[in-house]
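Written out below as structure tokens is the structure these notes cover.
The values are calculated or read from the model by the stated rules, or taken from the named source; none is laboratory data. Keep in mind the model is a prediction, meaning the values are calculated, not measured. Please note: Cβ atoms are built from the backbone with ideal geometry, for glycine as well, and neighbour counts cover all protein chains shown.
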Amino acid sequence: MKKILIVDDSALMRRVLCDIIEQDKNLKVVDKATNGLEALEFIKKNSYDAVVLDVNMPKMNGLELLKELRKEKIAVRIMMASTDTREGAQTTLDALELGALDFVHKPDRALDCRGEEFTKNFLRTLNAVVNSNPPVFTKVFSREDSQNTKKIVELVKKKGAAVSGKQIVAIASSTGGPKSLQSVIPRLPENLDAPVVLVQHMPMGFTKSMAERLDSLSSMHVKEAEEGEEVRKGWVYIAQGGKHLNVVEKQGKSVIQYSDEPSREGVKPCANYMYESLIKSKYDEVVCVVLTGMGSDGTEGITNLKSKKKVHVISQDEQSCVVYGMPRSVKRAGLSDQVVALDQVAQEIILRVGVN
């Protein structure tokens, strides 16, 4: 039985979330706190498999609690319960950077949480957090990382890329992805000889804020992909939350096209659609990168893509994953050409596709 702590200042919300959690026979709410200060005392005295944490609370809010846990180096698996406003999205990204492992978009009214879709998503996310590796308090992208990228770029300029031809990099990530991507995208040079398309499992309203944050840290341009825009080198295109991203050929150009099929693998956007859309693309090789995340999104798409196209698959290793689901599925299917630690993913992409 996995032990859960709920932290929320609303008595009704605590009750509703408790009812949802206890629908899963493997989960049990053992404590409830009304603010971060109370939660900190609970966490210091007891051991929990996961904490469900609200953001806005009196005395000590969710972000302040995360900062305190980070300061005291207390590793706890935390799932945020977040609102879907733009301001809320940025707060959620702050929480993920501070050590929260994932989040759910919580409706403003507690009674709206009782819906089947919210319940299913909540329990799916909480189970992923419960079964994840505890957070590791890593440093953010630094000048030293930037110097390492420059060395790899110089090496590639001298020796050339591993393969020639027109390439595209297609990345899939889920639980733990927003923070993990900060160890990959900022390490890529602006003159990377390939565009990058990226599916991160996130609801609508959050991917734009994530793109803006990554853009501020990176040499490459990072943006939330727009319908009909051309895919170009030097850019990272992030799929909009709640839509499936495809890369299609139009008038001799590769362009972004969104589709509205139902969720697949329980997620929308789904990386399988992105990979399958590249079957008819003009690229000589697709470099598929599969990072941390629950489930097996990416495996079926890459399998289908590999039957028609030259593919090189880089998957993240178990030790550096928050959740070793998606990369494990790809590896088990015999699709991984390389299995590397998170902080080596960017250099392997550069060595494969080269620079211009």
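So Asp343 ticks every box in (1) in contact with a Lys or Arg (Cβ under 9 Å, 6 or more places away or on another chain); (2) under 23 Å from Lys150 (Cα atoms); (3) buried (at least 21 other Cβ atoms within 10 Å of the Cβ) but one. Which box is left unticked?
Going through the list (1) in contact with a Lys or Arg (Cβ under 9 Å, 6 or more places away or on another chain); (2) under 23 Å from Lys150 (Cα atoms); (3) buried (at least 21 other Cβ atoms within 10 Å of the Cβ), Asp343 breaks only (3).
Please state which of the following conditions Val136 fails to meet, knowing it meets all the rest: (1) surrounded by fewer than 13 Cβ atoms within 10 Å (Cβ to Cβ); (2) without any contact (Cβ under 8 Å) to a residue 40 or more places away in the chain; (3) not assigned by TED's automatic domain parsing to the domain that holds Val231.
Evaluating Val136 over (1) surrounded by fewer than 13 Cβ atoms within 10 Å (Cβ to Cβ); (2) without any contact (Cβ under 8 Å) to a residue 40 or more places away in the chain; (3) not assigned by TED's automatic domain parsing to the domain that holds Val231 leaves (2) as the failure.
Of all helices (runs of 4 or more DSSP H) completely enclosed by the stretch 1-113, which ones contain at least 3 residues that are more than 22 Å from Asn133 (Cα to Cα)?
Per the criteria, 11-21, 36-45, 86-98.
Yes or no: Val231 among the aliphatic types (A, V, I, L, M), more than 16 Å from Val290 (Cα to Cα), surrounded by fewer than 22 Cβ atoms within 10 Å (Cβ to Cβ) and touching an Asp or Glu at 6+ places or on another chain (Cβ under 7 Å)?
No, not satisfied.
Filter the stretch 283-321 down to the residues that are among the polar types (S, T, N, Q) and within 20 Å of Pro178 (Cα to Cα), then identify the one that is surrounded by the fewest Cβ atoms within 10 Å (Cβ to Cβ).
Across the stretch 283-321, the extreme among qualifying residues is Gln319.
State all residues of the stretch 64-82 that are surrounded by fewer than 21 Cβ atoms within 10 Å (Cβ to Cβ) and either free of Cβ contacts under 8 Å to residues at least 60 places away in the same chain or touching a Gly at 6+ places or on another chain (Cβ under 6 Å) (or both); if no residue qualifies, say none.
Answer for the stretch 64-82, where residues must be surrounded by fewer than 21 Cβ atoms within 10 Å (Cβ to Cβ) and either free of Cβ contacts under 8 Å to residues at least 60 places away in the same chain or touching a Gly at 6+ places or on another chain (Cβ under 6 Å) (or both): Glu64, Lys67, Glu68, Arg70, Lys71, Glu72, Ile74.
Looking at Ile349 and the list (1) touching a residue at least 60 places away in the same chain (Cβ under 8 Å); (2) touching an Asp or Glu at 6+ places or on another chain (Cβ under 9 Å), which single condition is not satisfied?
Exception for Ile349: condition (2).
How many residues, within the stretch 257-276, are surrounded by 21 or more Cβ atoms within 10 Å (Cβ to Cβ) and within 16 Å of Glu226 (Cβ to Cβ)?
Matching residues across the stretch 257-276 total 2.
When you look at Glu117, is it free of Cβ contacts under 8 Å to residues at least 60 places away in the same chain and not assigned by TED's automatic domain parsing to the domain that holds Gln240, yes or no?
Here the answer is yes, as Glu117 does meet what is asked.
With respect to Val247, determine if the residue is under 17 Å from Ala211 (Cα atoms) and touching a Ser or Thr at 6+ places or on another chain (Cβ under 6 Å).
When the stated conditions are applied, Val247 does not pass them.
Under 7 Å between Cβ atoms, which residue pairs at least 6 apart in sequence (or on different chains) link something in the stretch 298-321 that is assigned by TED's automatic domain parsing to the domain that holds Leu198 with a partner that is in a helix (DSSP H, G or I) and polar (S, T, N, Q)?
Matching pairs, first to second residue: Gly298/Asn272; Thr299/Ser329; Glu300/Asn272; Gly301/Asn272.
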